[in-house]
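The values are calculated or read from the model by the stated rules, or taken from the named source; none is laboratory data. These figures come from a predicted structure and were not determined experimentally. Don't worry about glycine lacking a Cβ; one is built from the backbone with ideal geometry, like all the others, and counts go over all protein chains shown. These area figures cover heavy atoms from the full protein model, side chains too; ligands, DNA and RNA do not enter into them. Shrake-Rupley method; radii C 1.70, N 1.55, O 1.52, S 1.80 Å.
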Amino acid sequence: RTCDQLRCTACDFRVSLFNDYIWDQSCDYLFFRNNMPELSKLRAKMVKKKGARAYACQCSWRSISELTDLQTDQQLRWVCGKH
């Protein structure tokens, strides 16, 4: 289970999540900075992968394919946006 209301304290954007996708390895900071949160533009760098999940805000992104504790990633500034 994961919080579906994640928010980034660095860029103040809501974290978007996409089931059954990962981010292409060519993704970089400027891609997300220029294209978040427009799904039509983000799709250009999304790769279909069953069972995975792609997360992104305007300044950070992650592709997760197995159970992972995102709180252990010191670079992420994602917190629960409250329910």
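Checking each residue in segment 1-11 for being open to solvent by less than 40 Å² (accessible area, probe 1.4 Å) and part of a strand (DSSP E or B) picks out LEU6, CYS8.
For segment 52-80, name all the residues that are of a type outside the set (Val, Ile, Thr), closer than 23 Å to ASN34 by Cα and open to solvent by 40 Å² or more (accessible area, probe 1.4 Å).
Pass one, segment 52-80, residues of a type outside the set (Val, Ile, Thr): 52-63, 65-67, 69-71, 73-78, 80.
From what's left, closer than 23 Å to ASN34 by Cα: 53-63, 75-78.
Selection gives ARG53, TRP61, ARG62, SER63, GLN75, ARG77.
Residue under question is PHE18, and the condition is that it be in a strand (DSSP E or B) and among the aromatic types (Phe, Trp, Tyr); does it hold?
yes
Pairing residues of segment 37-59 that are at positive phi with residues that are of a type in the set (Ser, Thr, Tyr) and outside any helix (DSSP H, G or I), at Cβ distances under 8 Å and at least 6 apart in sequence or on separate chains, gives GLY51/SER65. The number of residues in segment 27-36 that are in a helix (DSSP H, G or I) and touching a residue at least 12 places away in the same chain (Cβ under 8 Å) comes to 4. Being modelled with pLDDT of 95 or more and loosely packed, with under 15 Cβ neighbours inside 10 Å: is that true of TYR29 here? When the stated conditions are applied, TYR29 passes them. If I filter segment 12-24 for residues that are open to solvent by 50 Å² or more (accessible area, probe 1.4 Å) and small (Gly, Ala, Ser), do I get at least one hit? There is no residue in segment 12-24 that is open to solvent by 50 Å² or more (accessible area, probe 1.4 Å) and small (Gly, Ala, Ser).
If we scan segment 63-72, do we find a residue that is among the acidic types (Asp, Glu) and modelled with pLDDT of 95 or more?
Of the residues in segment 63-72, the ones among the acidic types (Asp, Glu) are 66, 69.
Filter once more, so that each one left must be modelled with pLDDT of 95 or more: none.
Within segment 63-72, not a single residue is among the acidic types (Asp, Glu) and modelled with pLDDT of 95 or more.
Filtering segment 6-23 to residues that are over 12 Å from the mean Cα position of the chain (by Cα) and more than 16 Å from TRP78 (Cα to Cα) leaves only ASP20.
Every condition in (1) in contact with a strand residue (DSSP E or B) (Cβ under 9 Å, 6 or more places away or on another chain); (2) open to solvent by 90 Å² or more (accessible area, probe 1.4 Å); (3) at pLDDT 95 or above is met by SER40 except one, and the failing one is (1).
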